[in-house]
Structure formats: structure tokens, C-alpha cells
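Nothing in this text is a laboratory measurement; each read-out follows from the coordinates by a stated rule. Here the structure is a predicted model, which is why all the values come from computation and not from measurement. Because the Cβ atoms are built from the backbone with ideal geometry, glycine has one as well, and the counts that use them run over all protein chains shown.
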Amino acid sequence: MTRFRMGELFCGPGGLAYGAVTARCKNTDFEIVHEWATDYDKDTCDTYIYNICKDTPESVIHEDIRKLDLQKLKPIDALAFGFPCNDYSVVGEQKGIDGQFGPLYTYGIKVLKLCQPQWFLAENVGGLKNADGGKTFNKIIKEMCTSGYTVPL
């Protein structure tokens, strides 16, 4: 059986992880397992632990991503990150890449370069594709590609 160790940035309460670790496909022999996760909100981290990894609470890092030493993250085969959408959402202030949360996607890019997982999932909101007339979306895709990945559109 192929086992993918997954790391997750901006993990929230564990929605992406729950989908990943419970995924089952016919005629395949793989599983996705939690390796580590990080979020800046303590209550969110506690909920993630409850939902995903009760036996390994130390694998969830409660820290602002901007202060986290990425070099200390354990090796992974897969990365999931749903970077904060506040600055891209059509119901938000739409500050885009110039907002407080807009540039946080770069930490996903840094982890891609550092850990070189076999695959990744980056999730965000519809407003991202139209931010700055599409310039931000194209910039993010380009950075993912220059990190060594093919990104289907």
C-alpha cells in the first residue's frame, strides 16, 4: 500500500485533512495519513486535534506561520494548504495580495520548495481568480510551477 504523509498549513478545524485521510477510491491501494499541521488559532488547533489526530496532539503546531521555523517540519509526501482567503473573498475587503493575509500563500510555496512533496492541494475562494484583474492568480500559479510542479487549470 502506498502511504502519503500529509502536512497542512492554515489547517483550520481539519476539513481538508478529514477529506484526505478518509478518502477511498475503487481499485487503488493508497492511503493519506496526517503527519503535521499548523494554524495560528489555538481553538482551531484544538479542534483539529480532536477531529484528526487525538493520539498525536504534538503534531499540530499552534503558531503564526510568519514565525514558524519551516526547517523543523517533518518530511511529507503531500501538502494541503487553504491559505487565508480574507483578502480575496468577494465578501471581504478585497485587498488582494496587498492585504494582511493576501501574501500568506507564499508560505505554501516555501514549503513546496523545502519539502518537495509528491503532490499538493491548494484551496481558496472564487475571488482569488479575479483579484487584481487575474494578476495575483497568475502569479500564484507561476510560483507553484517554478517550485517544480505542473498545475492543471
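Data for the structure
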read-out	value
Ascending count of other beta-carbon atoms within 10 Å, so fewest first, for L112, L9	L112, L9
Candidates G108, G15, G133, ranked by Gaussian network fluctuation over the chain, Cα under 10 Å, top entry	G133
Helix-only mean residue ellipticity at 222 nm for the chain, each DSSP H run of n ≥ 4 adding -39500 (n - 2.57), per residue, nearest 500	-8500 deg cm²/dmol
Order of C115, C11 - criterion: other Cβ atoms within 10 Å of each residue's Cβ, fewest first	C115, C11
Signed unit charges on C-beta, dipole axis of the stretch 9-115, positive-most listed residue Y40, A78, P13	A78
Which listed pairs, of K74/K113; K72/K139; K42/K139; K42/K95, have C-alpha distances above 22 Å, in listed order	K72/K139; K42/K139; K42/K95
Fewest-first sequence of D43, D77, D87 by Cβ atoms within 10 Å of each Cβ	D43, D77, D87
Residues in the stretch 115-130 reached by a label modelled at T146 [backbone nitrogen below 19 Å; 7 Å Cα→Cβ]	115-117
Length gained when the stretch N138-V90 is fully extended (0.36 nm per residue, less Cα-Cα span)	15.5 nm
Taking the chain and dividing mean pair separation by its residue count, relative contact order in percent (alpha carbons under 8 Å, at least six apart)	21 percent
Added length on full extension, which subtracts the Cα-Cα distance from 0.36 nm per residue, Q71 to M1	22.3 nm
